[in-house]
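The values are calculated or read from the model by the stated rules, or taken from the named source; none is laboratory data. Here the structure is a predicted model, which means the values were calculated and not measured. Reconstructed Cβ throughout: ideal geometry from the backbone, glycine too, with neighbour counts over all protein chains shown. These area figures cover heavy atoms from the full protein model, side chains too; ligands, DNA and RNA do not enter into them. Shrake-Rupley method; radii C 1.70, N 1.55, O 1.52, S 1.80 Å.
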Amino acid sequence: MSAAKAEFSLRGMAGARMDRIARGAGTSKEHVYAYFSSKVTLYRFVSAQELAAVAKRPARTPPTCPVTPAASMTASPTTPNASDS
């Protein structure tokens, strides 16, 4: 599957070729077609595996902001200096 994943990642669905996928996997194109009836079927399978892997990853905690929203909203605006005019 890594050969198919690499081919689809590099060239996209339209540009991917089953013969390159087979060559990258060290097998024949006929062998790939024995398991997947079409390039679309293989693409869907690889995509589903990738989505499942992403779904299993733990959620990332967003970084904390050093300024709390409440504190920034209560700050008083600065008044212009007399020398600024």
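Before moving on, here are some points about what is shown:
- Candidates are the residues of region 9-18 that are under 16 Å from LYS29 (Cα atoms) and hydrophobic (A, V, I, L, M, F, W, C); the one that is surrounded by the most Cβ atoms within 10 Å (Cβ to Cβ) is ALA16.
- Remark: TYR33 matches the filter, which requires a residue to be open to solvent by 80 Å² or more (accessible area, probe 1.4 Å), touching a helix residue (DSSP H, G or I) at 6+ places or on another chain (Cβ under 8 Å) and without any contact (Cβ under 8 Å) to a residue 24 or more places away in the chain.
- Matching residues in region 19-30 - criterion: being open to solvent by 80 Å² or more (accessible area, probe 1.4 Å) and not basic (Lys, Arg): GLU30
- Leading residue by the ranking (nearest to LEU10 (Cα to Cα)) among those in region 38-85 that are at pLDDT 75 or above, open to solvent by 100 Å² or more (accessible area, probe 1.4 Å) and among the β-branched types (Val, Ile, Thr): THR61
- Looking across region 7-21, the residues that are part of a helix (DSSP H, G or I), closer than 23 Å to ALA53 by Cα and in contact (Cβ under 8 Å) with a residue 12 or more places away in the chain come down to GLU7, PHE8, MET13, ILE21.
- Filtering ALA34, ALA53, ALA4 for residues that are touching a Leu at 6+ places or on another chain (Cβ under 6 Å) and either not in a loop (DSSP other than H, G, I, E, B) or not aromatic (Phe, Trp, Tyr) (or both) leaves a single hit, ALA4.
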